[in-house]
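Just so you know, all these numbers are worked out from the coordinates, no wet-lab data involved. Computed from a predicted structure; not experimentally measured. Neighbour counts run over all protein chains shown; Cβ positions are idealised from the backbone, glycine included.
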Amino acid sequence: MTTSAPVASTAPTERTAEPDDSKPTTTTTKKAGGGGGGATTTTTAKQATPAAKVESLSVVKKPSCPVQGTQDAPFSSPGEPVVIAWKVTGAPGAAIAVDNPSVYGGYGSDYPASGQLELSFPCEGTSGSTTHTYTVWPQGAKSSPKTITVSARNNP
C-alpha cells in the first residue's frame, strides 16, 4: 500500500489595518496540517511613515524699523513686526528658533504643524539694515530645519 504525505494548505490571510499609518500592521496566517491540527503565525510590522520635513517657511508680513523724528524731520513711526508662516508634515508640530539656527527650538518647540507667528523686529540704531534669522524644524526632527533671513532698513 502506498502512503502519500499530507499536503499543507494555507488559509486566507487576515489583515488588521490601523487607521494611523504609524501604527503596526498585524498579519495572521493559519496553516492546516495533516494529523495534528494547524499552526498559527502572527507577524507584526511597522508601516513606513513619511519623513518629517518643513514644507514651507515664508514671510507673511515684512517688518520695518522705527523712524525717530528730528527737528529737521519731525515725522516718527513705531516700526512693524515680522510675521512668518510655516507648514510641517510628518510631525505633530513645529519648533522655532530666532537668530540662533543651531539651537533646536530656541524660541519654543510646541507650535502647531502649520501656523503664523508675529515677532517683534528689534532694529539697530545705525545706518544700513538689521537682519534676523528664523528657523523652523518639524517637532522632534532636529536634522531637517528650514531657515529664512529677513532684513529691514534702519532709520537712525
Using only Cα atoms, locate the centre of segment 107-156 and the centre of segment 58-87, then give the distance between them in Å, rounded to an integer.
15
Under a point spin-label approximation (7 Å from Cα along Cα-to-Cβ), what is the residue 153-residue 56 distance to one decimal in nm?
2.9
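Tally Lys/Arg at +1 and Asp/Glu at -1 over every other residue whose Cβ is under 14 Å from the Cβ of residue 66; what's the total? Don't jump to the answer; show the numbers that get you there.
Values: positive: 153; negative: 80, 124.
In short, -1.
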Computed over segment 53-153: relative contact order in percent, which uses C-alpha pairs under 8 Å that are six or more apart
31
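Take the Cα radius of gyration of segment 61-135 and divide it by 2.2 N^0.38 Å, with N its residue count; two decimals is plenty. Could you put the intermediate results ahead of the total?
Values: Rg = 15.9 Å, N = 75, 2.2 N^0.38 = 11.3 Å.
Against the empirical 2.2 N^0.38 Å value, I get 1.40 for segment 61-135.
With Cβ to Cβ distances under 11 Å as the rule, what net charge do the other residues near residue 152 carry (K, R +1; D, E -1)?
On the way: positive: 62, 153; negative: 80, 124.
Result for the neighbourhood of residue 152: 0.
Given 37 °C and 0.692 mPa s, how large is the Stokes-Einstein diffusion coefficient of segment 115-156 in µm²/s, with Rh as the Kirkwood radius over Cα pairs? Please list the in-between numbers first.
On the way: Rh = 12.2 Å.
Reported coefficient: 269 µm²/s.
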